[in-house]
Amino acid sequence: MGQELPSTSLLVFGATGDLSRRYLLPALSEICENSDIRARLKIVGLSRREVKAEDILPAKAANLVDQFEVFQMDYSRADQYRKLKQKIKNLDTEQVIFYFAVPPEAVLPIIDNLGKAGLDGDGVKLLLEKPFGSDLASAGRIIDEANRYFKEEQIYRIDHYLAKEMAQNIAVFLGSNAVFRHVWSSEFIDFIEIVIAEKIGIEGRGNFYEQTGALRDIIQSHGLQLAALTLMEPCPHDFDFNDLPARRLAALKQLTIPEKELGESVVRAQYDGYQKEAGAPASATETFAALKLTSSDPRWTQTPVYLATGKNLDQKLTQIRVNFKKDNNSEPNTLVLRVQPREGIELDLWVKQPGYERKLQKKTLSFSYEQDFEDRLPNAYEQILVDAMRGSQSLFASSGEVLESWRIIQPVLDYWKTQGASLKKYKPGSSVERILENT
Ligand code: BG6
């Protein structure tokens, strides 16, 4: 697959940081192990400190040692970007990708310095991590600022959930299976539940999380994107993903959180012990959020979508549960699109229980990636990197999608700020159902 790829220099701002060591470098290691991209890729870790390549590369990415080098520079100094420009010239590749593994406040100054140094030419791409702003207004400002130097086609905004194998599958599954395509509307679907549950807590990221919370961290990005994938016009089955961002955007545009129900249908909660862990004794930051979305798309007006996410819950689970309607003669069916773990699809069916009695029983028809495919499941970061190198933006969030997502949750942010909505407490290890029951 490497043949059609332009030769690439990947320059990593914040190479010594957690994000780079935990996600980026291991993903690059897999890509280089499993494809011929290796021969066309040079990786440069940009670091303020003087460090050796071996000290940055985690054990999982030791195979990158021959194509990884460190370039020391102070990102905040404009003059250092001239040095960087010379370095990039010496690398002599067809394209240059800057990956930003830096705190959100460091992103725009770096973009500004790149632009001023003339490092914004056509062969340059930016690979940006969320958060893209902290509300609708700040997201707009960030997008405008980045657009001063870079065109939309040069900016790749990562929402790694879009690149998860099962999330990609939603787009094709619905388009390729007539049996579901024809019932994919409010006429047949009662309600949809999307859960993104995490077992881990904030993992020492107290400062970041205090400014973020579950609504901004997960719902605004991953949660709404999963909703968009589920409700959008399905893709044709030729795998032409090019118009995926436009389809997701069209779905997002129809979504709102019912304003009149803001007080009742939006739940926020915090796990016991969070304040101490985050070092913020009076914190009202939510580590759990749940809300109801409705769509004004005529296909979906009667189908609410319930979204819930939280940290420190009983299990790690991301799934979309589609609840079909029952009628006078039949029982309701459920279709579960399981994003992680044990990626796959499950359909609950009602069958006759064997025996003289005429009784129904619910059984599950299932497909699992692990059991039904021999191929390994690449992780989302591998897909992101390969797509960015290839120049495919279908699995990245466009500026329009980012703004729409903020537009959807902005009323909640405003409501929480002005009405001081109550913050429930939950015990670490609770289930989503338990927390919702108690609210
Ligand atoms: C990130 C959030 O976007 O997604 C983290 O900032 C969260 O708080 C992570 O833990 C979850 O990703 P995954 O792939 O482990 O489900």
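Here are the numbers for this structure:
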{"quantity": "Within region 1-27, considering residues that are among the aliphatic types (A, V, I, L, M) and touching a helix residue (DSSP H, G or I) at 6+ places or on another chain (Cβ under 6 Å), the one surrounded by the most Cβ atoms within 10 Å (Cβ to Cβ)", "calculated": "VAL12"}
{"quantity": "Subset tally (residues that are closer than 25 Å to LEU291 by Cβ and not in a helix (DSSP H, G or I)) for region 237-256", "calculated": "3"}
{"quantity": "Restricting region 28-57 to residues that are over 14 Å from GLU69 (Cβ atoms) and of a type in the set (A, V, I, L, M), the residue that is surrounded by the most Cβ atoms within 10 Å (Cβ to Cβ)", "calculated": "ILE31"}
{"quantity": "Residue in region 348-368 that is closer than 16 Å to LYS164 by Cβ, in contact with a helix residue (DSSP H, G or I) (Cβ under 9 Å, 6 or more places away or on another chain) and outside any loop (DSSP other than H, G, I, E, B) present", "calculated": "no"}
{"quantity": "Search result, residues across region 284-316 that are assigned to a loop (DSSP other than H, G, I, E, B), away from the ligand (no atom under 16 Å from the Cβ) and surrounded by fewer than 22 Cβ atoms within 10 Å (Cβ to Cβ)", "calculated": "ALA284, SER296, ASP297, PRO298, ARG299, THR301, GLN302, PRO304"}
{"quantity": "Options GLN72, GLN67: the member that is over 23 Å from the mean Cα position of the chain (by Cα) and under 21 Å from ASP36 (Cβ atoms)", "calculated": "GLN67"}
{"quantity": "Conditions (1) out of contact with any Ser or Thr (no Cβ under 8 Å at 6 or more places or on another chain); (2) assigned to a helix (DSSP H, G or I); (3) within 14 Å of the ligand (Cβ to nearest atom); number of the one not met by LEU128", "calculated": "(2)"}
{"quantity": "Among (1) at pLDDT 95 or above; (2) closer than 15 Å to MET232 by Cα; (3) away from the ligand (no atom under 16 Å from the Cβ), the one test that LEU162 misses", "calculated": "(3)"}
{"quantity": "Residue match in region 232-244 (condition: crowded, with 18+ Cβ neighbours inside 10 Å, within 19 Å of THR301 (Cα to Cα) and either touching a residue at least 24 places away in the same chain (Cβ under 8 Å) or not hydroxyl-bearing (Ser, Thr, Tyr) (or both))", "calculated": "yes"}
{"quantity": "Residue match in region 385-400 (condition: within 16 Å of the ligand (Cβ to nearest atom) and among the acidic types (Asp, Glu))", "calculated": "no"}
{"quantity": "One residue from GLU165, GLU145 being surrounded by fewer than 19 Cβ atoms within 10 Å (Cβ to Cβ), more than 22 Å from TRP406 (Cβ to Cβ), in contact with a helix residue (DSSP H, G or I) (Cβ under 8 Å, 6 or more places away or on another chain) and not basic (Lys, Arg)", "calculated": "GLU165"}
{"quantity": "Considering residues of region 388-439 that are polar (S, T, N, Q) and in a helix (DSSP H, G or I) only, the residue surrounded by the most Cβ atoms within 10 Å (Cβ to Cβ)", "calculated": "SER405"}
{"quantity": "Residues that are more than 21 Å from ALA228 (Cα to Cα), in contact (Cβ under 8 Å) with a residue 12 or more places away in the chain and either in contact with a helix residue (DSSP H, G or I) (Cβ under 6 Å, 6 or more places away or on another chain) or away from the ligand (no atom under 16 Å from the Cβ) (or both), drawn from region 327-346", "calculated": "SER330, GLU331, PRO332, ASN333"}
{"quantity": "Test result for GLU94, under 27 Å from PHE68 (Cβ atoms) and modelled with pLDDT under 95", "calculated": "no"}
{"quantity": "Tabulated pairs, region 410-439, first under 18 Å from LEU317 (Cβ atoms), second hydrophobic (A, V, I, L, M, F, W, C), C-beta under 6 angstrom, 6+ apart or interchain", "calculated": "TYR426/ALA269; TYR426/ILE435; VAL432/VAL195; VAL432/ALA197; VAL432/ALA308; ILE435/ALA269; ILE435/PHE288"}
{"quantity": "Qualifying residue in region 265-277 (condition: assigned to a loop (DSSP other than H, G, I, E, B) and either within 16 Å of the ligand (Cβ to nearest atom) or surrounded by 18 or more Cβ atoms within 10 Å (Cβ to Cβ) (or both))", "calculated": "yes"}
{"quantity": "Where a residue in region 183-203 is under 17 Å from LEU293 (Cβ atoms) and at pLDDT 95 or above and its partner, wherever it lies, is within 16 Å of the ligand (Cβ to nearest atom) and in a strand (DSSP E or B), with Cβ under 6 Å and at least six apart", "calculated": "ILE194/LEU307; ILE194/ILE320; VAL195/ALA308; VAL195/GLN319; ILE196/THR309; ILE196/THR318"}
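The values are calculated or read from the model by the stated rules, or taken from the named source; none is laboratory data. Note that the structure is predicted; figures quoted are calculated from it, not measured. Backbone-built Cβ (ideal geometry, glycine too); neighbour counts: all protein chains shown.
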